[in-house]
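Reviewing the structure listed below.
The values are calculated or read from the model by the stated rules, or taken from the named source; none is laboratory data. None of the values given here were measured: they were computed from a predicted structure. For neighbour counting, all protein chains shown are included, and Cβ atoms are generated from backbone atoms with ideal geometry for every residue, glycine included.
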Amino acid sequence: MKLQNFHIELADWSSESQRKDLLGLRHTVFVQEQGVPETRERDGLDGDCWHVLARDEAGQTIGCGRLTPMHKIGRMAVLQGWRGQGIGVAVLRELVARARALGWPEVMLDAQVSAIGFYEREGFQAYGEEFEDAGMPHRAMRLALPATVADTAPLRDIGALPAGTRSETAATRLQLLGDARHRLAIYLPVLGNDSYASAEELAELRRVAISGRGAQIRIVLHDPAGALLNDHRLIALAQRLPSSMQIRTPLEEADLAYVSAYLINDAGGYLFLPEANRPQGRAALHDRASQAPLQQHFDEVWERAERASVLQTLDI
């Protein structure tokens with residue numbers, strides 16, 4: 001998202017360049033400026049966290065933050081020359097939005113006492129006694145993330161499904177494929193060999209594809225050439241059933257920057273992964289209220305995308 005003269009982006013810790021940007025900024029702010037021992041700054045949690053970067057218009061890193069699996073926001077840092085320009089607020093709000101998307105009931109953080117007011121303005125509340133961390137006074141804070149009325153009204157009968165681990169997500173994906181009657185919409189920034197590749201999943205996809213005149217499986221895939229190169233079994237199936245399985249690839253930069261993945265069936269079920277390369281997300285068997293915005297996003301991107309011609313088989 002674009003905000004004044006900077007923008008916010010999700011960062012992938014497995015990317016060497018993004019990891020270098022994150023660690024460089026944190027070293028400048030925490031180690032050099034605040035005197036935090038580098039061994040304390042590197043706590044070994046980063047590989048399991050969601051990370052956010054702020055960059056200026058030249059692409060230079062100016063702010064960052066992270067969200068840990070323990071539901072804690074941390075490593076909030078902004079370069080000294082960029083403070084007071086809304087960067088910290090933008091990073092914080094992006095992390096809170098990520099927690100909401102994951103369905104977490106609250107997020108917590110340990111705030112330096114001097115920054116308590118900053119977090120209070122965003123709705124966080126301090127609790128407990130003051131304590132020392134890395135030689136500086138801190139207090140614990142938390143922010144409740146109550147579900148909206150739309151989220152809570154149907155909770156008794158939406159058929160919530162687990163999507164917290166790789167095995168849970170795989171089982172949920174298979175169940176949603178099995179519940180589909182004639183239509184599926186699948187959004188995939190990348191297509192790895194650990195999804196939509198098992199014999200059971202492919203059997204369900206084939207069943208839907210040949211289920212009748214109204215059968216339609218639409219797939220948005222950012223990198224069809226990569227999936228073809230990896231000889232993914234879903235691609236082979238789509239090539240055999242081109243009349244009912246269609247694959248398109250986005251063209252616009254904003255669409256290609258989308259990092260989430262999701263599956264929508266025609267029974268009201270969905271699986272949403274805020275980050276495609278992580279198994280943690282949310283899912284339900286029949287929750288059309290939550291499915292609707294995903295369907296709207298899919299339809300809009302589909303209209304702007306083009307057919308993945310690289311996957312077209314040769315006529316011989």
Inset, instruction - Return yes or no: is VAL36 surrounded by 14 or more Cβ atoms within 10 Å (Cβ to Cβ), within 30 Å of ALA284 (Cα to Cα) and of a type in the set (Val, Ile, Thr)? - result: no
Legend entry - Qualifying position, being assigned to a strand (DSSP E or B) and either assigned by TED's automatic domain parsing to the domain that holds ARG218 or crowded, with 17+ Cβ neighbours inside 10 Å (or both), among ALA289, ALA283: ALA283
Legend entry - Tabulated pairs, the stretch 235-260, first under 23 Å from LEU205 (Cα atoms) and touching a residue at least 24 places away in the same chain (Cβ under 8 Å), second of a type in the set (S, T, N, Q) and loosely packed, with under 13 Cβ neighbours inside 10 Å, C-beta under 6 angstrom, 6+ apart or interchain: GLN239/THR313
Legend entry - VAL52 assigned to a strand (DSSP E or B), among the β-branched types (Val, Ile, Thr) and in contact (Cβ under 8 Å) with a residue 24 or more places away in the chain: yes
Legend entry - Selection count where residues are small (Gly, Ala, Ser) and surrounded by 19 or more Cβ atoms within 10 Å (Cβ to Cβ), scope the stretch 62-87: 3
Inset, instruction - Identify, from the list ALA90, ALA115, the residue that is surrounded by fewer than 18 Cβ atoms within 10 Å (Cβ to Cβ) and more than 18 Å from LEU45 (Cβ to Cβ). - result: ALA115
Inset, instruction - Among the residues of the stretch 141-155, write down those that are at pLDDT 70 or above, surrounded by 13 or more Cβ atoms within 10 Å (Cβ to Cβ) and not in a strand (DSSP E or B). - result: LEU145
Inset, instruction - Kindly establish whether MET70 is modelled with pLDDT of 95 or more and either in a helix (DSSP H, G or I) or in contact with a strand residue (DSSP E or B) (Cβ under 9 Å, 6 or more places away or on another chain) (or both). - result: no
Legend entry - Close pairs (9 angstrom Cβ cut-off, 6 or more residues apart or separate chains): within 18 Å of ARG233 (Cβ to Cβ) and surrounded by fewer than 16 Cβ atoms within 10 Å (Cβ to Cβ) in the stretch 173-199, among the polar types (S, T, N, Q) and at pLDDT 95 or above anywhere: none
Legend entry - Residue, farthest from LEU177 (Cα to Cα), within the stretch 299-316, restricted to residues that are of a type outside the set (D, E, K, R) and surrounded by fewer than 18 Cβ atoms within 10 Å (Cβ to Cβ): ILE316
Inset, instruction - For residues that are charged (D, E, K, R) and part of a helix (DSSP H, G or I), scanning just the stretch 220-242, find the one that is nearest to the chain's Cα centre (by Cα). - result: ARG233
Legend entry - Tally of residues being buried (at least 21 other Cβ atoms within 10 Å of the Cβ), more than 18 Å from ARG98 (Cβ to Cβ) and in contact with a Phe, Trp or Tyr (Cβ under 7 Å, 6 or more places away or on another chain) across the stretch 235-269: 2
Inset, instruction - Would you tally the residues in the stretch 156-186 being closer than 19 Å to VAL220 by Cα, small (Gly, Ala, Ser) and either part of a loop (DSSP other than H, G, I, E, B) or over 18 Å from the mean Cα position of the chain (by Cα) (or both)? - result: 1
